[in-house]
Amino acid sequence: MPVKIVFIADLQIRKPKGAGFLRRVIKQIINLKPDLVLIGGDLISNEGATTNSEIVALAELAKLADKFPACAVLGNHEYGLDYDEKKKAPRSLFGDRHTEVEEALKNIKVKLLKNTLIGFTLNNQYLELFGTDDLWGGVTDWGNLRSEKKEAPLLVLSHNPDAIRTYPNDLKRPILFLSGHTHGGQIRLPFIGPLGNAKLKLGKKFYQGYFVLNNIPLFITHGLGESMFAMRLLSPPEIVEITLLPENN
(Lines give C-alpha, C1' and ligand atoms only; values in the text may rest on other atoms or scores of the structure.)
Protein backbone atom coordinates (compact mmCIF):
# COMPACT_ATOMS: atom_id res chain seq x y z
CA MET A 1 0.00 0.00 0.00
CA PRO A 2 1.11 3.60 -0.59
CA VAL A 3 2.56 5.62 2.28
CA LYS A 4 1.40 9.24 2.61
CA ILE A 5 3.84 11.73 4.13
CA VAL A 6 3.09 15.33 5.01
CA PHE A 7 6.20 17.52 5.04
CA ILE A 8 6.31 21.01 6.55
CA ALA A 9 9.21 23.28 7.47
CA ASP A 10 10.06 26.78 8.64
CA LEU A 11 7.05 27.37 10.85
CA GLN A 12 8.96 30.38 12.27
CA ILE A 13 6.38 30.69 15.07
CA ARG A 14 6.08 34.29 16.25
CA LYS A 15 3.51 37.07 16.52
CA PRO A 16 1.18 37.27 14.66
CA LYS A 17 1.78 33.69 13.42
CA GLY A 18 1.53 32.05 16.82
CA ALA A 19 -0.61 29.30 18.32
CA GLY A 20 -3.65 30.24 16.23
CA PHE A 21 -1.69 29.96 13.00
CA LEU A 22 -0.29 26.63 14.11
CA ARG A 23 -3.76 25.32 14.93
CA ARG A 24 -4.90 26.14 11.38
CA VAL A 25 -1.91 24.34 9.91
CA ILE A 26 -2.53 21.30 12.10
CA LYS A 27 -6.20 21.17 11.09
CA GLN A 28 -5.22 21.04 7.42
CA ILE A 29 -2.67 18.31 8.06
CA ILE A 30 -5.16 16.20 10.02
CA ASN A 31 -7.62 16.48 7.14
CA LEU A 32 -4.96 15.00 4.83
CA LYS A 33 -4.77 11.85 7.03
CA PRO A 34 -1.04 11.21 6.60
CA ASP A 35 0.81 8.10 7.68
CA LEU A 36 3.80 10.18 8.79
CA VAL A 37 4.44 13.88 9.50
CA LEU A 38 7.91 15.38 9.00
CA ILE A 39 8.92 18.84 10.27
CA GLY A 40 12.03 20.30 8.68
CA GLY A 41 13.36 22.72 11.28
CA ASP A 42 13.05 26.43 12.17
CA LEU A 43 10.00 25.76 14.30
CA ILE A 44 10.45 29.10 16.07
CA SER A 45 11.41 32.51 14.73
CA ASN A 46 13.75 33.43 17.61
CA GLU A 47 14.37 36.87 16.13
CA GLY A 48 13.15 39.03 19.01
CA ALA A 49 14.16 39.72 22.58
CA THR A 50 12.29 36.70 23.90
CA THR A 51 10.87 33.52 22.41
CA ASN A 52 9.05 32.10 25.42
CA SER A 53 5.63 32.48 23.76
CA GLU A 54 6.99 30.84 20.60
CA ILE A 55 8.14 27.77 22.51
CA VAL A 56 4.87 27.56 24.44
CA ALA A 57 2.95 27.63 21.14
CA LEU A 58 4.74 24.45 20.01
CA ALA A 59 2.53 22.52 22.44
CA GLU A 60 -0.12 22.69 19.70
CA LEU A 61 1.89 20.07 17.80
CA ALA A 62 0.71 17.50 20.35
CA LYS A 63 -2.52 17.35 18.34
CA LEU A 64 -0.50 15.92 15.46
CA ALA A 65 1.70 13.61 17.53
CA ASP A 66 -1.40 12.12 19.19
CA LYS A 67 -2.74 11.04 15.78
CA PHE A 68 0.30 10.31 13.60
CA PRO A 69 3.99 9.50 13.93
CA ALA A 70 5.69 12.90 13.85
CA CYS A 71 9.43 13.62 13.53
CA ALA A 72 11.37 16.87 13.45
CA VAL A 73 14.87 18.23 12.98
CA LEU A 74 16.30 21.51 14.22
CA GLY A 75 17.14 24.54 12.09
CA ASN A 76 19.43 27.52 12.45
CA HIS A 77 16.74 29.62 14.15
CA GLU A 78 16.57 27.19 17.07
CA TYR A 79 20.30 27.81 17.51
CA GLY A 80 19.89 31.56 16.95
CA LEU A 81 22.32 31.60 14.03
CA ASP A 82 22.78 33.30 10.69
CA TYR A 83 25.71 32.80 8.30
CA ASP A 84 28.48 35.33 7.72
CA GLU A 85 29.39 34.96 4.05
CA LYS A 86 32.54 37.05 4.40
CA LYS A 87 33.93 35.03 7.29
CA LYS A 88 32.40 31.82 5.87
CA ALA A 89 31.13 30.80 9.29
CA PRO A 90 27.90 30.87 11.28
CA ARG A 91 27.35 33.91 13.47
CA SER A 92 25.08 34.42 16.47
CA LEU A 93 22.25 36.87 15.92
CA PHE A 94 19.74 35.67 18.50
CA GLY A 95 19.75 33.62 21.67
CA ASP A 96 20.36 29.87 21.46
CA ARG A 97 17.03 28.24 22.33
CA HIS A 98 17.55 24.79 20.86
CA THR A 99 17.61 23.04 24.24
CA GLU A 100 14.22 24.52 25.15
CA VAL A 101 12.76 23.51 21.79
CA GLU A 102 14.11 19.98 22.27
CA GLU A 103 12.38 19.79 25.67
CA ALA A 104 9.12 21.12 24.23
CA LEU A 105 9.13 18.49 21.46
CA LYS A 106 9.91 15.75 23.97
CA ASN A 107 6.94 16.78 26.10
CA ILE A 108 4.53 16.46 23.18
CA LYS A 109 6.07 13.24 21.83
CA VAL A 110 7.38 14.67 18.56
CA LYS A 111 10.47 12.59 17.81
CA LEU A 112 13.51 14.84 17.44
CA LEU A 113 16.20 13.51 15.11
CA LYS A 114 19.77 14.73 15.59
CA ASN A 115 21.94 12.57 13.32
CA THR A 116 19.48 9.81 14.17
CA LEU A 117 18.31 6.80 12.15
CA ILE A 118 14.90 5.28 12.91
CA GLY A 119 12.64 2.75 11.18
CA PHE A 120 8.88 2.65 10.57
CA THR A 121 6.41 0.07 9.37
CA LEU A 122 3.60 2.01 7.72
CA ASN A 123 0.86 0.30 5.71
CA ASN A 124 2.93 -2.90 5.76
CA GLN A 125 5.88 -1.03 4.23
CA TYR A 126 9.13 -0.77 6.18
CA LEU A 127 11.16 2.37 5.61
CA GLU A 128 13.94 4.21 7.40
CA LEU A 129 14.35 7.88 8.18
CA PHE A 130 17.56 9.73 8.98
CA GLY A 131 17.39 13.24 10.41
CA THR A 132 20.43 15.48 10.71
CA ASP A 133 21.38 18.13 13.22
CA ASP A 134 21.43 21.63 11.72
CA LEU A 135 24.32 22.32 9.35
CA TRP A 136 25.11 25.72 10.90
CA GLY A 137 24.11 25.25 14.52
CA GLY A 138 25.08 21.67 15.24
CA VAL A 139 27.32 19.00 13.76
CA THR A 140 25.96 17.08 10.79
CA ASP A 141 27.27 13.56 11.29
CA TRP A 142 26.25 10.72 8.94
CA GLY A 143 27.91 7.98 11.02
CA ASN A 144 24.72 6.47 12.45
CA LEU A 145 23.42 6.02 8.91
CA ARG A 146 25.90 3.20 8.41
CA SER A 147 23.61 0.89 10.38
CA GLU A 148 20.78 1.23 7.85
CA LYS A 149 19.18 -1.85 6.35
CA LYS A 150 20.34 -2.22 2.77
CA GLU A 151 16.93 -3.32 1.48
CA ALA A 152 14.89 -0.58 3.20
CA PRO A 153 13.85 2.62 1.42
CA LEU A 154 15.65 5.53 3.08
CA LEU A 155 14.42 9.10 3.60
CA VAL A 156 16.65 11.94 4.80
CA LEU A 157 15.32 15.02 6.61
CA SER A 158 17.69 17.98 6.94
CA HIS A 159 16.81 21.63 7.47
CA ASN A 160 19.50 23.11 5.23
CA PRO A 161 19.70 21.78 1.64
CA ASP A 162 23.47 22.34 1.68
CA ALA A 163 23.72 19.26 3.92
CA ILE A 164 23.35 17.15 0.78
CA ARG A 165 26.82 18.34 -0.25
CA THR A 166 28.28 16.47 2.74
CA TYR A 167 26.48 13.17 2.07
CA PRO A 168 29.14 10.40 2.00
CA ASN A 169 29.67 8.84 -1.41
CA ASP A 170 30.01 5.35 0.05
CA LEU A 171 26.54 5.28 1.63
CA LYS A 172 23.32 4.07 0.04
CA ARG A 173 21.41 6.82 -1.73
CA PRO A 174 18.11 7.86 -0.14
CA ILE A 175 14.93 7.72 -2.21
CA LEU A 176 14.26 11.31 -1.13
CA PHE A 177 16.16 14.08 0.67
CA LEU A 178 13.83 16.70 2.22
CA SER A 179 14.85 20.23 3.20
CA GLY A 180 13.48 23.72 3.85
CA HIS A 181 15.38 26.80 5.06
CA THR A 182 15.11 28.89 1.88
CA HIS A 183 11.43 29.99 2.06
CA GLY A 184 11.66 29.75 -1.73
CA GLY A 185 13.40 33.11 -1.56
CA GLN A 186 10.33 34.49 0.30
CA ILE A 187 10.01 37.31 -2.23
CA ARG A 188 10.42 36.39 -5.90
CA LEU A 189 10.20 38.68 -8.91
CA PRO A 190 9.42 37.59 -12.46
CA PHE A 191 12.57 37.15 -14.61
CA ILE A 192 14.72 37.98 -11.56
CA GLY A 193 13.96 35.20 -9.10
CA PRO A 194 14.38 35.19 -5.33
CA LEU A 195 15.31 38.39 -3.52
CA GLY A 196 15.79 36.72 -0.15
CA ASN A 197 19.24 35.31 0.59
CA ALA A 198 19.28 31.90 2.28
CA LYS A 199 23.07 31.79 1.86
CA LEU A 200 23.15 28.41 0.17
CA LYS A 201 26.38 27.16 -1.30
CA LEU A 202 24.16 25.31 -3.77
CA GLY A 203 23.04 28.69 -5.11
CA LYS A 204 19.68 30.36 -5.68
CA LYS A 205 18.70 27.85 -8.34
CA PHE A 206 18.05 25.46 -5.46
CA TYR A 207 15.68 27.64 -3.46
CA GLN A 208 12.56 25.64 -4.34
CA GLY A 209 11.39 22.47 -5.98
CA TYR A 210 12.68 19.05 -7.01
CA PHE A 211 16.23 18.26 -8.13
CA VAL A 212 18.56 15.29 -8.45
CA LEU A 213 22.08 15.83 -7.09
CA ASN A 214 24.68 13.05 -7.08
CA ASN A 215 21.89 10.56 -7.79
CA ILE A 216 19.95 11.80 -4.73
CA PRO A 217 16.41 13.15 -5.28
CA LEU A 218 16.15 16.45 -3.37
CA PHE A 219 12.97 18.37 -2.58
CA ILE A 220 13.09 21.88 -1.08
CA THR A 221 9.90 23.39 0.30
CA HIS A 222 8.89 27.05 0.57
CA GLY A 223 8.01 26.37 4.20
CA LEU A 224 5.22 28.10 6.09
CA GLY A 225 6.66 31.11 7.90
CA GLU A 226 8.87 34.08 7.16
CA SER A 227 12.10 35.66 8.36
CA MET A 228 12.48 39.34 9.20
CA PHE A 229 9.34 40.65 7.45
CA ALA A 230 5.99 38.83 7.51
CA MET A 231 5.52 38.99 3.77
CA ARG A 232 5.87 36.79 0.70
CA LEU A 233 5.57 37.30 -3.04
CA LEU A 234 5.32 34.51 -5.62
CA SER A 235 6.60 32.09 -2.99
CA PRO A 236 3.46 31.00 -1.15
CA PRO A 237 3.61 28.97 2.06
CA GLU A 238 3.00 25.29 1.51
CA ILE A 239 2.08 22.02 3.17
CA VAL A 240 3.65 19.29 1.05
CA GLU A 241 1.94 15.92 0.56
CA ILE A 242 4.19 13.11 -0.67
CA THR A 243 2.95 9.64 -1.61
CA LEU A 244 5.47 6.79 -1.67
CA LEU A 245 4.45 3.85 -3.83
CA PRO A 246 5.67 0.25 -3.38
CA GLU A 247 8.29 -0.79 -5.93
CA ASN A 248 5.94 -3.22 -7.65
CA ASN A 249 3.43 -0.43 -8.49
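DSSP finds beta bridges in the chain, and of those with both partners inside it, around 50 percent are antiparallel.
With 0.36 nm allotted per residue and the present C-alpha distance subtracted, the R146-R91 stretch has 16.7 nm of extension available. Surface composition of the chain: carbon and sulfur make up 53 percent of the accessible area, probe 1.4 Å. Were the residues from L32 through E47 laid out at 0.36 nm apart, the gain over their Cα-Cα distance would be 2.3 nm.
Taken per residue, the accessible surface of region 14-65 reaches 43 Å², heavy atoms only and a 1.4 Å probe.
Counting lysine pairs in region 60-136 whose alpha carbons fall under 17 angstrom apart, excluding pairs fewer than 8 residues apart on the same chain, gives 7.
Pairwise alpha-carbon distances in region 102-181 exceed 17 Å for 46% of all pairs. Computed extension gain for V139 through K204, at 0.36 nm per residue and net of the alpha carbon distance, reaches 21.0 nm. If the label point is 7 Å along Cα→Cβ of N197, which residues in region 77-99 have backbone nitrogen under 12 Å from it? Counting only backbone N, you get 83-88. Looking at region 1-115, the DSSP beta bridges with both ends there are about 30 percent antiparallel.
Provide the percentage of antiparallel DSSP beta bridges, counting only those with both residues in region 151-249; round to the nearest 5.
50 percent
If R0 equals 41 Å, the separation of the Cβ atoms of T121 and R23 corresponds to a calculated FRET efficiency of about 0.85.
The values are calculated or read from the model by the stated rules, or taken from the named source; none is laboratory data. Note that the structure is a prediction, hence the values are computed from the model and not measured. Heads up, the Cβs are rebuilt from the backbone with ideal geometry, glycines too, and the neighbour counts pull from every protein chain shown. For the accessible areas, the whole protein counts, side chains as well, though only heavy atoms, and no ligand, DNA or RNA atoms are used. Shrake-Rupley method; radii C 1.70, N 1.55, O 1.52, S 1.80 Å.
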